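The values are calculated or read from the model by the stated rules, or taken from the named source; none is laboratory data. Predicted, not measured: the structure shown is a model, and the values here were computed from it. Here Cβ is always computed from backbone atoms with ideal geometry, including for glycine, and neighbour counts include all displayed protein chains. Ligands, DNA and RNA are excluded from the accessible area calculation, which covers all protein heavy atoms including side chains. Shrake-Rupley method; radii C 1.70, N 1.55, O 1.52, S 1.80 Å.
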Amino acid sequence: MRRALIFVAIALLGGAGVLAGPRVVAAARAGTPRARRAWVTAYRLTHPNAEPQNWLSTGHDYSDTWFSPLKAIDDRNVGGLGLAWHDDLDTHRGQEATPVVVDGVMYTTSAWSKVQAFNAVTGRRLWQFDPKVPGRIAIYACCDVVNRGVAVWMGRLYLATLDGRLIALDARTGRPVWSVLTVDPRRPYTVTGAPLAVAGRIIIGNAGAEYGVRGYVSAYDAATGKLLWRFYTVPGDPAKGFESAVLARAAKTWPPGWWRSGGGATVWNTFSYDPDLGLLYFGTGNIQPWGRMPSGAPADGLLSASIVAVHVATGQYAWHFQTTPGDRWDYDSTQTLTLATLTIDGRPRKVIMQAAKNGYFYVLDRATGRLLAARNFVPVNWSRGIDPQTGRPEVKPEAFYDVTGQVWVGTPGAAGGHNWQPMSFSPVTGLVYIPAQEVSFPYLLDRAFEPQALATNMGIDQAATSLPPDPKIRAQALAGLKGYLSAWDPVAEREVWRAPLAGPWNGGVLSTAGNLVFEGNAAGSFVAYRASDGKRLWSFAAETGIIAAPMTFAVAGKQYVTVLAGWGGIFPLAAGELSFKSGRQVNRSRVLTFALGGTDRLPAAPPEPTSVVPPPAVRVDPALAAQGAQEYARRCGSCHGDGAVSGGLVPDLRYSAALRSEEFWNAVVDGGAFESEGMVSFKSVLSAAQQAAVRAYLIERAQQSYAASAH
Ligand code: CA
């Protein structure tokens with residue numbers, strides 16, 4: 001027996017010429033590196049279709065296709081899909097992660113940057129890691145305390161936490177190996193995106209352009225956590241010199257003193273990578289604050305709202321394409337950047353594609369950044385079209401709300417025609433499946449804007465544009481909201497089919513070689529469509545809204561589909577009553593895994609509370625309430641909802657016990673009693689009188705709502 005093992009060890013070592021001692025025998029018992037937990041190498045990441053049973057990175061592959069060649073589940077048998085297992089997560093906020101599966105083990109993140117490992121077949125938990133993100137960080141997370149997933153590299157997982165740490169975890173145990181801080185903790189940075197592993201480097205960006213930060217991307221050594229390079233997307237203080245030639249050029253496109261606010265242009269979402277070109281691709285966010293750029297060229301504010309390519313080895317600039325020059329509408333260009341080979345004008349072109357927030361679907365040559373096509377995939381009212389030569393939009397004069405000083409209702413609005421929810425590209429159908437939406441937004445410049453702590457710093461007047469009590473205006477606003485899954489032909493530049501949904505803010509998308517497209521939605525269903533024509537083939541009641549993108553994998557030849565359920569993100573947090581159009585949801589966060597013949601069941605959802613709490617019967621001073629409305633819009637509304645109507649994720653303050661107890665109110669708002677859940681003390685920025693004004697506004701809103709409801 002012993003002799004046989006030694007023989008195997010020597011065979012494994014090949015011509016290494018090492019004498020086979022006990023250590024080598026032990027190595028042979030441990031098996032080849034491939035058999036080690038999560039041993040994901042450069043070869044594996046660049047050949048994902050050689051192992052279709054696995055899903056090795058959040059977007060499935062470096063091309064960010066969210067497409068799997070698996071086809072055991074297909075358009076003929078998908079009706080037999082059932083729940084195989086579920087796992088209740090302990091973080092009841094938005095779930096945006098796509099899990100990875102490596103050799104039968106599933107790794108996923110959940111809200112508050114936690115990580116879980118599961119036996120992918122049984123759902124048995126192997127471990128959970130909680131980085132213990134301080135609750136106070138939530139105040140700087142514009143769009144929920146979400147996380148979009150891990151990267152895997154050579155036996156380790158890489159997690160970026162909401163408070164800006166990059167942590168390497170041992171995939172077998174979930175124990176941290178190293179941890180580095182990737183952001184300046186004195187600035188309102190957060191991180192929600194998944195890192196990308198490229199040949200021994202871990203790539204990560206950050207968020208915070210709604211508050212006041214300078215965007216950048218960093219590359220760290222996967223083994224040690226050492227910073228290898230950093231690429232800034234906004235030029236910094238000219239007195240300190242520019243980090244690169246491209247930033248020196250970019251500085252000419254900003255007005256004087258831009259760098260004091262940070263500039264924004266954060267790289268907060270996803271990455272893709274072309275191994276042949278050695279290029280890393282990412283999108284950048286909005287200019288911060290909004291509406292402060294002179295209108296027209298050359299005030300483009302580079303490299304904001306752009307698609308950018310850098311050399312992954314060095315972080316050196318390769319090219320950029322700015323989708324929205326001089327952005328003042330929050331048209332982040334951070335959506336999925338999908339690489340594909342398309343036949344355009346009779347010849348194969350290596351392209352990069354984006355369904356951008358600004359409503360246009362872009363196809364670029366990914367070696368040069370040259371525009372090949374740009375057409376709107378949703379209605380657009382801010383621009384007349386894109387110049388095919390320069391790639392610049394022809395912006396309509398009325399869209400410059402900062403110049404006109406008038407309210408301007410933009411389509412798309414700040415939520416975008418497509419947001420972070422991943423789109424999917426199927427090389428089988430040649431179609432891109434876009435979680436598309438129509439959400440208009442009223443833009444009005446805040447002329448008295450000054451950046452402040454513990455507040456959003458967008459520079460717009462959200463109190464004046466809050467949804468008014470007038471039922472006609474409310475009905476009009478609700479009618480304009482739409483959400484649909486759009487199957488887009490990127491060559492013909494047209495929609496091939498569309499699956500309408502209840503409202504906006506639905507899930508990311510998975511497509512498979514089984515002629516299937518999977519998407520969860522805000523109304524609480526997880527649905528399978530036929531990829532070729534959009535026929536709805538199967539659905540599952542998830543008991544909560546779904547925003548994450550699904551993924552699929554196989555173990556021992558059996559295919560599974562997994563999605564994270566859990567309503568959340570910016571829309572239910574900030575949109576208030578408008579978010580009810582999509583489906584009135586509570587958050588029930590779970591990992592759901594499906595297989596043909598699956599027989600697991602979810603426990604019955606508890607009944608929805610139906611009683612309406614009567615508001616305090618006190619007379620509210622309208623002037624005090626009006627003052628409170630201003631503070632509410634600037635400091636509270638981005639989480640507790642427009643017009644003090646919660647979208648179901650955080651407490652609806654109209655029904656808060658704090659409206660009946662001043663002592664309780666003070667303990668929370670002044671004393672920070674709920675800091676661990678993200679509700680910090682506002683003592684440093686709101687005087688006692690201002691706090692009382694916000695409370696008066698909430699009581700007024702509670703009384704208005706009670707009077708309007710049929711109780
Ligand atoms: Ca933004």
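Once you have a ≥ b ≥ c as the square roots of the Cα gyration tensor eigenvalues for the range 534-645, tell me rounded if a/c is under 1.5, and otherwise prolate or oblate according to whether a/b is larger than b/c.
Prolate is the answer for the range 534-645, as a/c is 1.5 or above and a/b outweighs b/c.
Using each residue's phi in the range 299-311, evaluate 6.51 cos²θ - 1.76 cosθ + 1.60 at θ = phi - 60° and report the 3J(HN,Hα) Karplus result to the nearest Hz, with x for Gly and Pro.
Karplus-based 3J(HN,Hα) across the range 299-311 equals 7, 8, x, 6, 9, 6, 6, 10, 9, 10, 10, 10, 6 Hz.
Might you tell me the accessible area per residue for the range 123-271, computed with a 1.4 Å probe and given in Å²?
Spelled out: the 1.4 Å probe surface of the range 123-271, per residue, equals 35 Å².
Can you run phi through the Karplus equation (6.51, -1.76, 1.60; θ = phi - 60°) for the range 575-591 and list ³J(HN,Hα) in whole Hz, with x for Gly and Pro?
7, x, 4, 4, 5, 5, 4, 7, x, 6, 10, 10, 8, 10, 7, 8, 8
How do 572-582, 617-627, 490-500 rank on mean C-beta neighbours within 10 Å, highest first?
572-582, 490-500, 617-627
In what sequence, largest accessible area first, do M679, M423 appear using a 1.4 Å probe?
Ranked from most to least accessible, the order is M679, M423.
5 Å is the cut-off here: which amide hydrogens, built 1.01 Å from N in the peptide plane, fall below it relative to W538, excluding neighbours closer than 5 in sequence?
A528
Under a 1.4 angstrom probe, counting protein chains only, how are H92, H47 ranked by accessible area, largest first?
Putting H92, H47 in descending order of accessible area: H92, H47.
Counting only heavy atoms of the protein chains, get the accessible area per residue of the range 608-683 (1.4 Å probe) and round it to a whole Å² value.
51
Lys and Arg at +1, Asp and Glu at -1: add these up for the other residues within a Cβ distance under 9 Å of L228 and post the number.
With Lys, Arg at +1 and Asp, Glu at -1, the net is +2.
Relative to the present Cα-Cα distance, how much length would full extension add between D130 and S687 at 0.36 nm per residue of separation?
Fully extending the segment from D130 to S687 adds 197.0 nm.
Within the range 570-604, which residues have the backbone N less than 16 Å from the label spot 7 Å out from L478 along Cα→beta-carbon, could you tell me?
Once the point is set 7 Å along Cα→Cβ of L478, 575-585 turn out to lie under 16 Å by backbone N, inside the range 570-604.
Over all pairs of distinct alpha carbons, what does the Kirkwood formula give as the hydrodynamic radius of the range 344-439, in Å?
Evaluated over the range 344-439, this radius sits at 14.7 Å.
Measure up K357/K683; K114/K357; K396/K581 against 31 Å on the Cα-Cα distance and list the ones that go over.
K357/K683
Where the centre of each part is set by its Cα atoms, how far does the range 642-704 sit from the range 241-278, in angstrom?
38
Can you tell me the 0 to 90 degree angle between the C-alpha axis of helix 688-708 and the longest principal axis of the chain, rounded to 10?
90
Working from the pairwise distances between different alpha carbons, so that the mean of 1/r is found and then inverted, what is the range 503-547's Kirkwood radius in Å?
Evaluated over the range 503-547, this radius sits at 10.5 Å.
If you split all Cα-Cα distances of the range 622-709 into 5 Å bins from zero, what percentages do you get per bin, shortest first?
3, 15, 25, 32, 18, 5, 2, 0
Identify all lysines with a Cα-Cα distance to K71 below 23 Å; exclude those on the same chain that are fewer than 8 residues away in sequence.
Here the lysines satisfying the reach criterion relative to K71 are K535, K558.
Would you grab the residues whose amide H sits under 5 Å from the one on W178? Only those 5+ places off in sequence or on another chain, please, with H modelled 1.01 Å from N.
The list, which skips near neighbours in sequence, is A168.
Below 16 Å, Cα to Cα, which lysines can K240 reach? Residues fewer than 8 away in the same chain don't count.
K252
Just to confirm a number: summing +1 for Lys and Arg and -1 for Asp and Glu over residues other than F664 whose beta-carbon lies under 12 angstrom from that of F664, what do you get?
Net local charge, F664 excluded: -1.
Please report the Cα spread of the chain along all three principal axes, rounded to whole Å, starting with the longest.
Taking max minus min along each principal axis of the Cα atoms, the chain gives 90, 57, 49 Å.
Expressed in nm to one decimal, what extension gain is obtained for the pair A72 and D470 from 0.36 nm per residue of sequence separation less their Cα-Cα distance?
Roughly 138.0 nm would be gained on extension.
Along Cα→Cβ, 7 Å out, is where each label goes; now give me the distance between the ones at A248 and T341 in nm to one decimal.
3.9
When all protein chains stay in place, what accessible area (Å², nearest 10, 1.4 Å probe) is found for V694?
Approximately 10 Å² for this residue.
Given R₀ = 22 Å, FRET efficiency for R186-D221 by Cβ-Cβ distance, to 0.05?
0.30
Quantify, in whole percent, the carbon and sulfur part of the accessible surface of the chain (1.4 Å probe; protein heavy atoms only).
The nonpolar share, carbon plus sulfur, comes to 55 percent.
Please find the FRET efficiency linking R392 to R260, where r is the Cβ-Cβ separation and R0 is fixed at 25 Å, and quote it to the nearest 0.05.
Calculated value: 0.35.
Can you give me the Cα centroid spacing of the range 560-619 and the range 85-133 in angstrom?
A separation of 19 Å, based on Cα centres.
From the square roots a ≥ b ≥ c of the eigenvalues of the alpha-carbon gyration tensor of the range 111-227, which class results: rounded (a/c under 1.5), prolate (a/b over b/c), or oblate?
Since a/c reaches 1.5 but b/c is at least a/b, the shape of the range 111-227 is classed as oblate.
Taking the Cβ of D75 as the centre, find all other residues whose Cβ is under 9 Å away and add up their charges (Lys, Arg: +1; Asp, Glu: -1).
+2
Would you compute the Debye intensity of the range 214-274 from its alpha-carbon atoms alone, equal scatterers and no solvent, and pass along log10 I(q)/I(0) at q = 0.16, 0.20, 0.23 Å⁻¹ to two decimals?
Debye intensities relative to I(0), on a log10 scale: -0.60, -0.84, -1.00.
Using amide H atoms built in the peptide plane, which far-off residues or other-chain residues are under 5 Å from L686 H to H?
Those lying under 5 Å, H to H, from L686: there are none.
How do K482, K114, K357 rank by accessible surface area computed with a 1.4 Å probe, from largest to smallest?
If we order K482, K114, K357 from most to least accessible, we get K482, K114, K357.
Please determine, in degrees from 0 to 90 and to the nearest 10, the orientation of helix 622-635 with respect to the longest principal axis defined by the Cα atoms of the chain, where the helix direction is its Cα long axis.
Roughly 20 degrees between the two axes.
Along the principal axes of its C-alpha atoms, what lengths does the range 665-711 span, in descending order and rounded to whole Å?
That gives 38, 24, 13 Å along the principal axes, largest extent first.
Taking the solvent-accessible surface of protein heavy atoms with a 1.4 Å probe, what is the per residue accessible area of the range 470-528 in Å²?
32
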